[in-house]
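The values are calculated or read from the model by the stated rules, or taken from the named source; none is laboratory data. Just so it is clear, the model here is predicted, and its values are computed rather than measured. Here the Cβ is made from the backbone with ideal geometry for all residues, glycine too, and neighbour counts use every protein chain on show. Note: accessible area is taken over every heavy atom of the protein model, side chains too, but ligands, DNA and RNA are not part of it. Shrake-Rupley method; radii C 1.70, N 1.55, O 1.52, S 1.80 Å.
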Amino acid sequence: MEVKPHSPEKYPSYDWSENAALRALALQSHRWQTAYFMLPPSKITWDAFAIVQKNLPLLRNLTVNVSRATFPHDEVIEFFGDAPCLKSLMLDYGTPISALKLPRSQITYLKIRMHRETPASINSCLEALDELPNLQECLLHVGCSEPWTAIRTVHLKRLVSLTVIVEPLREDSLDRTVASLFTHLTLPSLRSLTIHSMNNRPWDNYSFVNFISQSPHLRHLTLHCTEIFGAPLIDILMETPNISWLSLTAQSDDLPQIFTSLALTGSRHSGGALLSKLKNLEIDLFGGIKELPSSLVDLVRSRTMGAEINKVCRLESVKYVTHDPQNLPHEMIFALADLGRHVDIQIFYGTHRIFPSEYQDISYDIYEEHHRKFMEL
């Protein structure tokens, strides 16, 4: 619905208020349940839809992106203020929440997307969160903070699910971490948290550990981050004792330590098991590794056959994904096959499952022959 000028350097605003097709579309707004707008940030262009105001009784999902530039600070689109069913809002970096009149207390889902490969600043993300007091679910593509802009502290007592995708930055960015996001955000009811940062941006573990320590109801944790490994990862897991579902992206050198830390063996667990409520574990490995660590067997056995004596929840599923060819020793195959009677174990090479599918036809006689030996691993 946008007429683009011949010169990419000039973006004139078009008056579409007399456009018959758009007027016919706008007159049907009482039937809209989902609306997607991608228009220039110009009041002249947006006025073509002025007649939808107070005529959005069914609208539940609203997406507003700008096709170029960003909204001026003094520009406000008034049309969506009276939408009694509106629950879901999706914006991009070029559309600050201040540019829209909305029934803010109704909105329970927010997604802030990329705009022309530019992520939203942490400041603008926090501003949007602060404007939606009853938010329950949120997905943010974040860039850096703006040191010249004050950052507000946000407390959302109803938000239960947060996904943060940390986007790559230009080399001249002043603040390359996302510490200010976690420092200024408190989510006491948070139950599901996903952090995706695979671009080697610096990571401030102190601010993140402090953030999750204030979310005691966290149950589902996904950390796909190249910079979280070793001791910082253990510090995070120690602050999330109620986790039942854990998904990690791990470096090859870090994998044995992760498995050993989660295996309930040795005196280090005398003060209580790490993640005693863990039921589901996923590991996505990056970096070459030729052989699956045998400590995986110790981990699974201690949390299935040894769950009662170790006073932990029984592990229900384990998923391990590698992107390099794996060597699965016969000893490992038989040990996992035996443990597979107690827990769902799956090993993938990319999207191809290599265990148990490639080994499910192991004959019972061969299994029995090796059973006793491999149970002693």
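Taking region 69-91 and a reference point 7 angstrom along Cα→Cβ of Lys54, the backbone N atoms nearer than 15 Å belong to 78-84. Counted residue by residue at 0.36 nm each, then reduced by the alpha carbon distance between them, the extension gain from Leu169 to Ser88 reaches 26.4 nm.
Report for region 190-253 the percent antiparallel among DSSP-assigned beta bridges with both residues inside it, nearest 5.
Details: 0 of 10 bridges.
Taking every DSSP beta bridge with both residues in region 190-253, the antiparallel ones total about 0 percent.
Checking the Cα-Cα distances for Lys277/Lys311; Lys43/Lys101; Lys43/Lys87; Lys279/Lys319; Lys157/Lys277; Lys87/Lys111 against a 18 Å cut-off, the pairs over it are Lys43/Lys87; Lys157/Lys277. Accessible-area rank, largest first, for His342, His330: His330, His342, with all protein chains present and a 1.4 angstrom probe.
If I stretch the segment between Glu331 and Ala20 completely, what's the gain in nm (0.36 nm per residue apart, minus their alpha carbon distance), one decimal?
That works out to 104.6 nm of additional length.
Under 8 Å for C-alpha pairs, at least 6 residues apart: give me the relative contact order for region 69-219, rounded to a whole percent. Could you put the intermediate results ahead of the total?
Working: 317 pairs, mean separation 26.1, N = 151.
Computed over region 69-219, the figure is 17 percent.
May I ask you to list the residues of region 56-81 whose amide nitrogen lies under 19 Å from a point 7 Å from Cα along the Cα→beta-carbon direction of Thr118? The answer is 64-76, whose backbone nitrogens lie closer than 19 Å to the label point. Each residue was assigned an accessible area with a 1.4 Å probe, and for Thr153 the value is about 100 Å².
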